[in-house]
Structures are given as structure tokens and as C-alpha cells.
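Reading through the C-alpha cells given below for one structure.
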Amino acid sequence: MNEIIQPPLPYQPVPQAPRKRRLVLRTVVTVLAVGAGVFFGRTAVNAVLGAPDDAGRYRLTPPAAFQGLILQDSGPRVDAIKEGQGARKPGTEPVAVVYADQSGTAQLVVSGASGTFTDGDPGAELTKSLPAMGVNGATTQDAGTPAGGAMRCGTFTTGAGPLTLCMWADHSSLVTVTVPVEHAPVTLETLAGQTRALRAAMEVPKA
């Protein structure tokens, strides 16, 4: 198992934004940068001798709409996610999107990547990595099918308030889903259900 690389913290907030907005975006950058550090520490290549049979079998395609929410793939918050992800790693396809309501208010923030990941036990990876990221009370959740893997959810304490997040990992992807920090936290079970449904919609077999 490759060593988990923790990115430097904190990042600078987006300039020329209102103070509250800067704090929100800085929080997004921080937590998603840490999440990005997890998959940066994993081996992601196009072909690896001895890789799991299902490695790289799926790709990530965020749907245009999800549970009445609308996909946003640009804007300040998406820019913050991309900043948190850092430079693209060889053999990966990053994903950075937001799902917003009809008024344009962000409801879910999604950051991750697909690739060919070779670690033998994604669940063990999450169990080890989330506490090191500062995620509290992480619980194992049903990851859904068909891609298998594992999902854990917990809360991340920030200067802007608690941030509820879920992360799934398998041999094709690692994705973090959060509720924006300016919203009231949801239960882990609620976010796990949304994350599981989003995974089923966006993680699809490669053609």
C-alpha cells in the first residue's frame, strides 16, 4: 500500500470575495484537498501487473440532474474544488462538480477521480485515512453495487462549522461527497443514502 500523502494546509482563499464566502470556499478547498491527498497516495496507472481484476473497470460521468438538483461544472466553488485537487496525476480522470437547487444554491459538493487503483482493500484504506484527515465519528456505510469497494461517512470540524462528508473507494474511483458547510449538517445516514444513489448514477462501466 502506498503511503498516504497529506497535502499542505491551509490553502489561500479565493481573492476578492466577501469574508463569509471566502471562509466557505477556503473550507471547501481544505477538506477536498485532504480528500484528494488520499487518492494521490494511491497507485493510479493505465495497466499494472498483478492489479485486481476489476481495477479501472468503471469511469465517472456526473449526471446532468440528480434528485431534482442541477449539475454545475463551473463557478467559484468548482474552482475551489479543483484547487484542492491539485495537479492531475497520470492515469487519473478528476471530477469536480456541484449539484445545486433551482435557485442555484449548492446542495452537494463532489470531488474525486477515476483510474486504475491497485490497493487490495479500499475499505482498509478509508479506515486508516479518514481519522488521519481529521474526520470524526466515521462509520462504515453500504457502498452499493455493482462496483463494490467501501464507503465511510463522518464529520470534519472547520472554522466555518461542521462539514458532513462521505467518501467511497474502489479499484476504479475515489470520490468525496459533502454538504456545503454553510448548510445545517445532515445525518450521516442521510448523506450516505444520497452518496450511494449518486454513485449508482455516475459510476458506470467503461465502454
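The values are calculated or read from the model by the stated rules, or taken from the named source; none is laboratory data. Note that the coordinates shown come from a computational prediction; the quantities given were computed from them, not determined experimentally. As a convention, Cβ positions derive from the backbone with ideal geometry for all residues, glycine included, and neighbour counts pool all protein chains shown. Surface accessibility is based on the protein's heavy atoms, side chains included, excluding ligands, DNA and RNA. Shrake-Rupley method; radii C 1.70, N 1.55, O 1.52, S 1.80 Å.
Using the Cα coordinates of the range 130-180, the gyration tensor eigenvalues translate into equivalent-ellipsoid semi-axes of 22, 10, 9 Å, sorted from longest to shortest. How much of the accessible area of the range 113-207, in percent, comes from carbon and sulfur atoms when a 1.4 Å probe is used? Percent of accessible area from carbon and sulfur atoms in the range 113-207: 58. Peptide packing: for 68-80, 122-134, the average count of neighbouring Cβ atoms within 10 Å per residue gives the ranking 122-134, 68-80, highest mean first.
Quick one: accessible surface of Glu189, probe radius 1.4 Å, all protein chains present, in square angstrom to the nearest 10. Roughly 120 Å² of Glu189 is accessible to a 1.4 Å probe.
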